[in-house]
Amino acid sequence: MDISMQTIMGVLITHNHNDHIRGLEVLTRKNSLPAFTTDKIWESVLSPKNKISRDCIREIPLLQKFHLAGFDIEAFPVCHDAPETIGFHICAGDKKITIVTDLGHICQTAAPYIQSANLLVIESNYDEQMLMNGQYPYYLKARIKSDHGHLGNHQTSAFLADIISDNLSHICLAHLSKNNNSPEIALETLQQTFSQRGIVLNGEQRISILNRNMPTDMIRLIE
Ligand SMILES: [Zn+2]
Ligand SMILES: [Zn+2]
């Protein structure tokens with residue numbers, strides 16, 4: 001994104017699955033970057049294979065604010081099949097950002113953090129039909145659909161239809177499955193759900209579908 005690594009002040013880690021930490025060792029080592037997550041997640045991340053320098057390890061509490069780079073950040077637990085998985089609620093001034101990927105359902109602890117966001121990055125992992133008709137073995141389909149797996153397009157859309165208000169200025173659908181989803185289908189499901197529920201976005205509200213392999217354009221919450 002043409003951002004100098006010198007301006008990056010930390011990395012936030014949500015859980016130990018490989019698609020989230022594969023680059024962590026190199027990233028922290030090359031840039032002496034601190035990485036932040038809970039002690040339980042660190043326990044599950046660190047292994048003889050994954051040698052993160054002690055200097056880069058920062059432990060953060062659950063459900064308690066910590067301060068980083070001018071932001072107040074709070075980690076909240078979500079339901080997913082890792083030893084522990086968290087989402088992040090990031091506040092700067094009166095703007096709130098919530099980032100939540102990898103959750104099987106939206107539990108009561110996570111809901112308020114999601115509902116109060118101005119900018120929400122939320123998983124819309126799979127299209128239900130594509131998943132069920134696809135090539136994955138049954139146990140994997142069951143895992144993905146379970147309460148500790150991932151959110152499907154209809155689940156995410158229905159939840160967003162329940163909570164949307166003028167407060168929510170930007171929705172980013174994220175963590176789309178390569179095999180069981182497409183940006184077009186995820187967007188169409190959300191738009192259809194909104195239209196069935198009579199929800200019309202105000203002129204300022206934006207929906208983005210985050211690309212799996214490319215950085216997202218900068219989103220400015222404050223002009
Ligand atoms: Zn995961
Ligand atoms: Zn993931």
| request: With a bin width of 5 angstrom, please list the P(r) values of the chain as percents of all Cα-Cα pairs, from the 0 bin to the one holding the largest distance. | output: 1, 6, 13, 18, 20, 18, 13, 7, 3, 1, 0
| Ser208: net charge of surrounding residues, Cβ under 15 Å, Lys/Arg +1, Asp/Glu -1, itself excluded? | -2
| request: Identify all aspartates and glutamates with a Cα-Cα distance to Lys40 below 13 Å; exclude those on the same chain that are fewer than 8 residues away in sequence. | output: Glu59, Glu84
| remark: Expressed per residue, the solvent accessible area of the chain in Å² (1.4 Å probe) is about 55
| note | FRET efficiency (Gln129, Ile163; Cβ distance; R0 22 Å; to 0.05) is 0.30
| query | Taking the Cβ of Asn133 as the center, what net charge do the other residues with Cβ under 15 Å away carry, scoring Lys and Arg +1 and Asp and Glu -1? | reply | 0
| request: Report the label-to-label distance for Asp19 and Lys178 in nanometres (one decimal), using points 7 Å from each Cα along the Cα→Cβ vector. | output: 0.9
| message | Counting only protein heavy atoms and a 1.4 Å probe, tell me what percentage of segment 59-135's accessible area is made up of carbon and sulfur. | response | 51
| message | Sorting check: for 36-44, 187-195, 212-220, 124-132, which peptide has the highest mean count of neighbouring beta carbons within 10 Å, and how do the rest follow? | response | 124-132, 36-44, 187-195, 212-220
| task | Determine the dipole magnitude for the chain: charges of +1 sit on the beta-carbon of Lys and Arg, -1 on that of Asp and Glu, nothing else is charged, the reference point is the Cα centre, and the result goes in debye to the nearest 20. | result | 560
| Could you state the number of Å between the C-alpha centres of segment 49-95 and segment 102-123? | 15
| remark: Packing-ranked peptide list from 169-175, 7-13, highest mean Cβ count within 10 angstrom first, is 169-175, 7-13
| said: I want to check the label-to-label distance for His148 and His105. Put each point 7 Å from Cα in the C-beta direction and report it in nm to one decimal. | reply: 1.4
| query | What are the aspartates and glutamates whose alpha-carbon lies under 19 Å from the alpha-carbon of Lys49, with same-chain residues fewer than 8 places away excluded? | reply | Asp19, Glu25, Asp39
| said: If the elastic network links every pair of Cα atoms under 10 Å, which of Ile97, Ile114, Ile185 fluctuates the most in the Gaussian network model of the chain? | reply: Ile185
| remark: Mean separation of Cα contacts under 8 Å (at least 6 apart) over the residue count of the chain, i.e. the relative contact order in percent, is 15
| Where a Cα-Cα gap under 18 Å defines reach, which aspartates and glutamates qualify for Lys30, not counting those fewer than 8 residues away within the same chain? | Asp2, Asp55
| note | GNM on the chain, Cα springs under 10 Å; top mean-square fluctuation among Asp102, Asp55, Asp81 goes to Asp55
| request: Please identify, among Ile99, Ile163, Ile144, the residue showing maximal mean-square fluctuation in a Gaussian network model of the chain using a 10 angstrom Cα cutoff. | output: Ile163
| query | After finding the eigenvalues of the alpha carbon gyration tensor for segment 1-129, what semi-axes result from the square roots of 5 times each, listed largest first in whole Å? | reply | 23, 19, 14
| query | Where both residues lie in the chain, what percent of DSSP beta bridges are antiparallel, nearest 5? | reply | 40
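The values are calculated or read from the model by the stated rules, or taken from the named source; none is laboratory data. Since this is a predicted model, take the numbers as computed values, not measurements. Cβ coordinates were reconstructed from backbone atoms using ideal geometry, including for glycine residues, and neighbour counts include every protein chain displayed. Accessible surface areas use protein heavy atoms only, side chains included; no ligands, DNA or RNA. Shrake-Rupley method; radii C 1.70, N 1.55, O 1.52, S 1.80 Å.
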